[in-house]
Amino acid sequence: MESAQIPLGKTVAYASLVLLCIPIFKLLTILIRPYFSPLRELRGPPGGSWITGHINDMLKSEKDRAECHLLWEKEYGHVYVYKSLLNGDRLTTTDPKALNHILANPMIYYKPAHLRLTVGQLIGEGLIFAEGAAHKRQRRVMNPSFSPGHIKEMNELFLMKALELRDALSAHLGANPSETVNIIPFIARCTLDIIGLAGFNTDFNTVKNTNGEKKDENPGNIAKQENAGSTSDLADAFAKSFRTDQGYAIMQILLAWIPPLRSVLFLFDSTTRAAEDAQATMRRIGKQLVEERKRELGFLPPKADEQQSQQRDAPSSGTGKDLLSLMIKANMSPDVSPEQRMTDAEVMHQIPTFMVAGHETTATGLVWALYSLSTHPEVQSRLRTELYTLSSPTPTMNELNELSYFDAVVKECLRLNSPFENTLRIAQADDVIPVGKPFLDRSGQLRDRIRIKKGDGVFLPVLVMNRLEEIWGPDAAEFDPERWFKLPEATNSVPSVWGNQFSFLSGPRSCIGFRFAVMEMKSILYTLIRNFEFKLGVAEEDILKTSAIVTRPMVRGQKDKGTQMPLIVTPWTP
């Protein structure tokens, strides 16, 4: 008896129907689930689009990215919800006890799928991407690499590259002092060189190779070097990958919800293909770097045709001081059980993770620091006076940290203009979040805890916490380094690993490299402020903010030119 066969046309039709039903079912689930969430009991702003929620309200201000949430916080209190995409309720709280609970429970609160997809496409599946047990395992291995002792050893490297930046900026100005300069590419090249050397003992040499160039100020063109090769390919791939984050938000959410779209987008979208090409390059070179470090450290035998060269040139096992070498040594330690070790692929993914954390975010923080100093010349002048109490252009880390006003300036710069405005979490299980201060719900009842259901979203308001008047006082929106000599007692409640501020978060998912970032910022600012005077090159109200992973500056009326921070730079001598 012959079996019945379904015609090919019907098979294709059935398959198409199934593929169509998947996103429809997913969409219906997303639209319906808010009606069953306990977050509906909380107060929050009315209205909001069924498609974009209150997102457009949050993006209205091009100058103050915290404005909308600060207004909501005043009206609805320290616990409220707003509408996210597709009518979803998103919890927002500025209650320190509640935030501590969320950050202390990373096994419950993960980054959203669309954010993880973006991170994975940009920099791979390293520490920033990892969640749950994978993150805990990676973090345990990587922690020793970022110890205070190892950061102290990198101080000389930070200052060396800062002096190269000084020389490059001087050469760029040439016979035209007091020229208006877009400072972003200069800072970006310096931080890229630093993470190349500190991260995996590779000098991209982008600062020296600017050659005073004035026309091409795109830091993405860092691959145009004399020593073009694998290292410049890595730098170029990173720049291309990170430039693809513009306009990702809604598309990345759709891709996270409907995975089959990823294959379709790869075929038709050049940005997606460029990101994948860049990732392939980073994986190839990352694998090569990991193998090279393992051979240098004695964890792999040298290649037969390179054995003599390896014996002559490679450092002996245990001498590598870059982050990659330190991480490999920690990972291969006999104290780490095989099941707790990172795989070679996980180690490889930390390379672009180092680059984004040690390059892009620090560069952004430095650019906004120079903006704050340019708009407050009296602070810049007082800071320069203190910096010149040290005679050496290359002070030790301890000497830099003993400069109290300098420390206050750096803290105030990062408080007021954190490179990250916020971050998001999704509950992986039902939870009850305690609060330090009771709040009113939608029906006017006083509550002392927040009930949350699996799948509910949480908004962690980094910039808002750094600007909250209840914590920082009535001048919270003002740039005033003096506040750090008389901090309000309320600042002690802020979840923090540094500087009583929320910029680096807290808990198991706090920024692992915060010491690295702070010392890198101090080394570069120390060198620049001692050698140049900075003034804003446009009206202060014309500097806008755009958020794409980090918060970057743009100039009003010149958005087609991309991110800019035009500063009038004048050489300064004591």
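The values are calculated or read from the model by the stated rules, or taken from the named source; none is laboratory data. These figures come from a predicted structure and were not determined experimentally. We place every Cβ from the backbone using ideal geometry, glycine too, and count neighbours over all the protein chains shown. Remember, those area values only see protein heavy atoms, side chains included, never the ligands or the DNA or RNA. Shrake-Rupley method; radii C 1.70, N 1.55, O 1.52, S 1.80 Å.
Yes/no matrix, rows are residues, columns are (1) open to solvent by less than 60 Å² (accessible area, probe 1.4 Å); (2) at pLDDT 85 or above; (3) of a type in the set (Asp, Glu):
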site: LEU31; (1), (2), (3): yes, no, no
site: PRO38; (1), (2), (3): yes, yes, no
site: LEU91; (1), (2), (3): yes, yes, no
site: LEU103; (1), (2), (3): yes, yes, no
site: LEU122; (1), (2), (3): yes, no, no
site: PRO144; (1), (2), (3): no, yes, no
Point to revise | Residue within region 460-481 that is out of contact with any helix residue (DSSP H, G or I) (no Cβ under 6 Å at 6 or more places or on another chain) and under 29 Å from MET154 (Cα atoms) present | key: yes
Review point. Is there any pair linking a residue in region 465-485 that is under 21 Å from LYS63 (Cβ atoms) to one that is open to solvent by 10 Å² or more (accessible area, probe 1.4 Å) and in a helix (DSSP H, G or I), with Cβ under 6 Å and at least six apart or on different chains, and which?
Key: ALA476/GLU469; PHE479/LEU416
Practice item. Could you tell me whether any residue of region 65-78 is out of contact with any His (no Cβ under 9 Å at 6 or more places or on another chain), within 20 Å of LYS545 (Cα to Cα) and not in a helix (DSSP H, G or I)? Key: yes
Practice item. Report, by residue number, each residue of region 401-440 that is of a type in the set (Gly, Ala, Ser) and over 20 Å from LYS486 (Cα atoms). Key: SER418, ALA427, ALA429, GLY436
Review point. Does ILE183 satisfy the criteria of being more than 30 Å from LEU536 (Cα to Cα), over 18 Å from the mean Cα position of the chain (by Cα), touching a residue at least 40 places away in the same chain (Cβ under 8 Å) and open to solvent by less than 10 Å² (accessible area, probe 1.4 Å)?
Key: no
Exercise for review: Only residues that are open to solvent by 50 Å² or more (accessible area, probe 1.4 Å) and at pLDDT below 95: list them for region 105-120, please.
Suggested key: ALA113, ARG116
Exercise for review: Could you tell me whether ARG341 is among the charged types (D, E, K, R), at pLDDT 90 or above, farther than 27 Å from PRO185 by Cα and surrounded by 16 or more Cβ atoms within 10 Å (Cβ to Cβ)?
Suggested key: yes
Revision key, fill the gap. Among the residues of region 520-562, the number that are open to solvent by less than 50 Å² (accessible area, probe 1.4 Å) and under 17 Å from THR191 (Cβ atoms) is 14
Review point. Out of (1) part of a loop (DSSP other than H, G, I, E, B); (2) among the charged types (D, E, K, R); (3) within 25 Å of the chain's Cα centre (by Cα), what's the single condition that is false for ARG43?
Key: (3)
Exercise for review: Considering (1) crowded, with 20+ Cβ neighbours inside 10 Å; (2) assigned to a helix (DSSP H, G or I); (3) modelled with pLDDT of 95 or more, say which one ALA130 fails and leave the rest.
Suggested key: (2)
Check your understanding: In region 396-416, is there at least one residue being of a type in the set (Gly, Ala, Ser) and either touching a His at 6+ places or on another chain (Cβ under 6 Å) or open to solvent by less than 10 Å² (accessible area, probe 1.4 Å) (or both)?
Key -> yes
Check your understanding: Do we find that SER381 is more than 28 Å from the chain's Cα centre (by Cα) and either at pLDDT 95 or above or among the hydroxyl-bearing types (Ser, Thr, Tyr) (or both) in this structure?
Key -> yes
**Study point:** Unique residue being open to solvent by less than 40 Å² (accessible area, probe 1.4 Å), farther than 15 Å from VAL347 by Cβ and modelled with pLDDT under 75 when the list is THR281, THR272, THR319
**Key:** THR272
Practice item. Residue by residue through region 430-463, note down the ones that are open to solvent by 70 Å² or more (accessible area, probe 1.4 Å), of a type in the set (Asp, Glu) and in contact with a His (Cβ under 9 Å, 6 or more places away or on another chain). Key: none
Review point. Quick one: would you say GLY473 is open to solvent by 40 Å² or more (accessible area, probe 1.4 Å) and among the small types (Gly, Ala, Ser)?
Key: no
Check your understanding: Of the residues THR389, THR375, THR385, which is free of Cβ contacts under 8 Å to residues at least 12 places away in the same chain, farther than 27 Å from SER145 by Cα, open to solvent by 10 Å² or more (accessible area, probe 1.4 Å) and not acidic (Asp, Glu)?
Key -> THR385
Practice item. With respect to ARG116, determine if the residue is assigned to a helix (DSSP H, G or I), under 28 Å from MET355 (Cα atoms) and not aliphatic (A, V, I, L, M). Key: yes
Exercise for review: Answer yes or no as to whether ALA98 is within 27 Å of ILE128 (Cβ to Cβ), among the aliphatic types (A, V, I, L, M) and under 22 Å from the mean Cα position of the chain (by Cα).
Suggested key: no
Review point. Does SER510 fit the bill of being open to solvent by 40 Å² or more (accessible area, probe 1.4 Å) and either touching a Gly at 6+ places or on another chain (Cβ under 7 Å) or closer than 21 Å to HIS359 by Cβ (or both)?
Key: no
Review point. Going by the structure shown, is GLU412 of a type in the set (Asp, Glu) and touching a Pro at 6+ places or on another chain (Cβ under 8 Å)?
Key: yes
Practice item. State yes or no: is GLY507 touching a Leu at 6+ places or on another chain (Cβ under 9 Å), small (Gly, Ala, Ser), under 17 Å from THR375 (Cα atoms) and touching a residue at least 12 places away in the same chain (Cβ under 8 Å)? Key: no
Review point. Of the residues LEU424, LEU463, which single one is assigned to a helix (DSSP H, G or I) and under 21 Å from HIS69 (Cβ atoms)?
Key: LEU463
**Study point:** Qualifying positions in region 70-89 - hydroxyl-bearing (Ser, Thr, Tyr) and either in contact with a strand residue (DSSP E or B) (Cβ under 7 Å, 6 or more places away or on another chain) or buried (at least 22 other Cβ atoms within 10 Å of the Cβ) (or both)
**Key:** TYR80, TYR82, SER84
Point to revise | Yes/no for PHE502 being farther than 27 Å from ALA134 by Cβ and either open to solvent by 40 Å² or more (accessible area, probe 1.4 Å) or under 24 Å from the mean Cα position of the chain (by Cα) (or both) | key: no
Point to revise | Residue list for region 344-362, restricted to those being over 12 Å from the mean Cα position of the chain (by Cα) and either at positive phi or open to solvent by 40 Å² or more (accessible area, probe 1.4 Å) (or both) | key: ASP344, ALA345
